[in-house]
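Before any comments, here is the structure.
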Amino acid sequence: MSVRRPTTAETATGIGVAVLVAVSAVTRIGPSGPEGTLGPLGAVLLVLLAALITARRIFPFGVLVAVNAVVAAWFVLDCPGRLITVAALFACYTVAAERGWRLGAAAWAVTAAVSTVVVHGTLGVAWFDDRAVNALSLELAAVALGSAVHYHRAYAKGAREEALRLRLRETEQRLEIARELHDVVGHTMVTISVQAGVATHVLERSPDQGAAALRTIKTISDEGLAEVQALLGMLRVDGTAADRGGLARLDTLLDVTRATGVQVELVVRGERRSLPPRVDLAAFRTVQEALTNARRHARPTSIRVCLLYGDDVLEIGVRNDGAGESAPSPAGGNGITGLRSRAEALGGTLQATRTGDTFEVTATLPTPAVDR
């Protein structure tokens, strides 16, 4: 474990306090105290004092004890002046500012005991003389100020962390909404485009088939509008994209694709069960995006959707037979990239592979138990 090195400001403070005490001792300016001479031992105490004040934020309570020992030695050795007691105030403040009011109170008790005994024993005054009482009051004020600084710092740090959490959450929600809009709008518009093309070509020759295509457009448009409205609602209230269901709507999704003339086979293995909302939605969006990509790029004649329910995992496979030159790259566009990000956020994986004339999207999603 590395020990933090003192900053330049801390070093300057330590030297400054020692110089101030030395000047006061030499010039006899400041509160009266012992009347002796500074001497070599006094100089050693000043050097030690500078080192202690410099390290006060690294070892707050240990420095406080050592500073009190230096102050006591200063008085016992009859070094001139009483300004050295300022060092004890620095130490009291630092303990409270770095460790809080409880340890600050302990620091005050230690310093108060030392200062009371030292003033009484070395200056020959009565117990709790006005000089001792003044010292106790100043030490208590130093602890109170340090405690206020400590809890202000803690509050400010908590506020910064909370603001950071909110910004991260807002960013996650924006990304989630962007993914949802891509999935909803992309799926809706591709289906409308395909069905509109069908209606354009067959409306005169086969009115019934044209009417069916228009009904499909109406259905998918209504569903897309409802999902977009739900997404916009997320911008006004606190909610997540996982609140709108998932694989329960799979049959409707497959029927819409079948209505475009593509044969869709659904294979379900294992016991179909309720999934956590976010996993359920991710599974639905994976199938939806795979179907959308197939219709947009590959013009398939058949698509096979496979769901495998394991004990703690759901495996999804969507394979189409129309992967030609227009098929999406396995690296994926925004849709595949968004699906991969969604799967990885849940602790799963997603891959898109092309083999000959087939293109397949496979995903594995963890499925923790759902509380009932």
Selection status of residue 71, under 24 Å from residue 147 (Cβ atoms) and out of contact with any strand residue (DSSP E or B) (no Cβ under 7 Å at 6 or more places or on another chain):
yes
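Answer yes if at least one residue in the range 79-87 is open to solvent by 30 Å² or more (accessible area, probe 1.4 Å), in contact with a Pro (Cβ under 9 Å, 6 or more places away or on another chain), of a type outside the set (Gly, Ala, Ser) and in a loop (DSSP other than H, G, I, E, B), and no otherwise.
yes
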Taking into account only those residues within the range 303-314 that are surrounded by 17 or more Cβ atoms within 10 Å (Cβ to Cβ) and farther than 10 Å from residue 267 by Cα, which is farthest from the chain's Cα centre (by Cα)?
303
With the structure loaded, tell me whether residue 113 is within 26 Å of residue 43 (Cα to Cα), assigned to a helix (DSSP H, G or I), over 40 Å from the mean Cα position of the chain (by Cα) and without any contact (Cβ under 8 Å) to a residue 40 or more places away in the chain or whether it fails that test.
yes
Within the range 91-136, can you find the residues that are modelled with pLDDT of 90 or more, small (Gly, Ala, Ser) and either within 22 Å of residue 77 (Cα to Cα) or open to solvent by 60 Å² or more (accessible area, probe 1.4 Å) (or both)?
91, 112, 113
Counted residues in the range 55-66 being in a helix (DSSP H, G or I), open to solvent by 20 Å² or more (accessible area, probe 1.4 Å) and either hydroxyl-bearing (Ser, Thr, Tyr) or touching a helix residue (DSSP H, G or I) at 6+ places or on another chain (Cβ under 7 Å) (or both) come to 3
Is it the case, given these coordinates, that residue 324 is modelled with pLDDT under 90 and either in contact with a Pro (Cβ under 9 Å, 6 or more places away or on another chain) or in a helix (DSSP H, G or I) (or both)?
no
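The values are calculated or read from the model by the stated rules, or taken from the named source; none is laboratory data. Since we're looking at a predicted model, the values are computed, not measured. Glycine also receives a Cβ, built like all others from the backbone with ideal geometry; neighbour counts cover every protein chain displayed. Accessible surface areas use protein heavy atoms only, side chains included; no ligands, DNA or RNA. Shrake-Rupley method; radii C 1.70, N 1.55, O 1.52, S 1.80 Å.
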